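K.L.:
Handing you this structure, nothing more for now.
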Amino acid sequence: MKTKLTYFLGAVITVGLIAASPGMSQVLPTPGFSLGGFFDYRVENKINSDDLAFTFFGARLGFRDERWIEFFIDAGGEVMSFDPLEDKTTGCFGVGGTFWLMRQQYGYGPFDLGLFGSAHFADYSGVKIEATDEKTDIKHFRYLGQLVIRAEVNQDFKVFLRGGILGTKLDPDSDMADDDDLDEIKPAVNVGVEIQLVNNLITTLELNYSESVGGAIHLDYWF
């Protein structure tokens with residue numbers, strides 16, 4: 001697995017270095033903030049040979065400056081596909097952003113290269129275990145670190161590829177599964193499109209892969 005991750009990151013970095021050849025500075029977006037919502041489904045690892053998936057949904061507050069930074073804060077609910085839990089929904093919170101290393105204009109259009117990172121937390125400690133009076137003490141942590149490549153097809157349509165690692169941890173309820181199942185770091189790939197529906201309203205559609213295939217949809221209005 002580590003070898004595959006090394007090859008993948010090497011390929012992405014090589015593409016990025018080739019694309020970083022001299023180009024003109026592109027027209028950059030106006031600084032501002034956004035309000036929006038999202039639905040995100042991700043299969044992170046396996047528990048007792050079954051896929052462990054999380055569905056995260058809620059509201060997002062975003063911010064961007066003119067050149068370097070895009071930042072967001074998430075708040076909403078998370079559903080865990082874990083059968084022993086009676087109620088699989090709890091609150092979830094997260095932060096993340098992109099630092100753009102390069103934003104250039106080439107003959108085919110604007111091209112961006114950057115680093116993406118995020119971290120999310122959900123607390124299932126008040127959730128009951130099915131057919132018992134006991135409550136779990138599970139806390140779910142997720143973090144992503146990825147290289148980002150983004151290109152503009154036309155004014156209203158962008159495509160992007162992110163590749164790197166995903167860390168996922170269920171802590172500390174090790175009596176519900178093997179310890180090795182609860183703390184994992186593995187390759188993570190996201191590919192998608194950003195579409196401007198109307199002025200300042202942008203929808204993002206993406207597929208993600210770590211343990212298995214997932215997907216997400218975001219809708220953001222920029223002020």
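The values are calculated or read from the model by the stated rules, or taken from the named source; none is laboratory data. Keep in mind that this is a model prediction, so the values were computed, not measured. Protein only, heavy atoms only, side chains kept; ligands, DNA and RNA dropped before computing areas. Shrake-Rupley method; radii C 1.70, N 1.55, O 1.52, S 1.80 Å.
K.L.:
How big is the stretch 115-223 on each of its three principal axes, counting only the C-alpha atoms and giving the largest first in Å?
P.N.:
The Cα atoms of the stretch 115-223 stretch 55, 26, 22 Å along their principal axes.
K.L.:
Let me ask you something else. Would you mind getting the accessible area per residue of the stretch 93-223, heavy atoms of the protein chains only, 1.4 Å probe, in Å²?
P.N.:
Accessible surface, normalised per residue, equals 47 Å².
K.L.:
Next up: Over the stretch 75-223, with every protein chain in place, what whole percent of the accessible area is carbon and sulfur at 1.4 Å, could you tell me?
P.N.:
58
K.L.:
Taking the Cα centroid of the stretch 193-223 and of the stretch 124-146, what is the distance between the two, rounded to the nearest whole Å?
P.N.:
If you average the Cα positions of each part, the centres end up 28 Å apart.
K.L.:
Now, a different point. Mind ranking 83, 74, 40 by accessible surface for me, highest first, 1.4 Å probe?
P.N.:
Largest accessible area first, the residues go 83, 40, 74.
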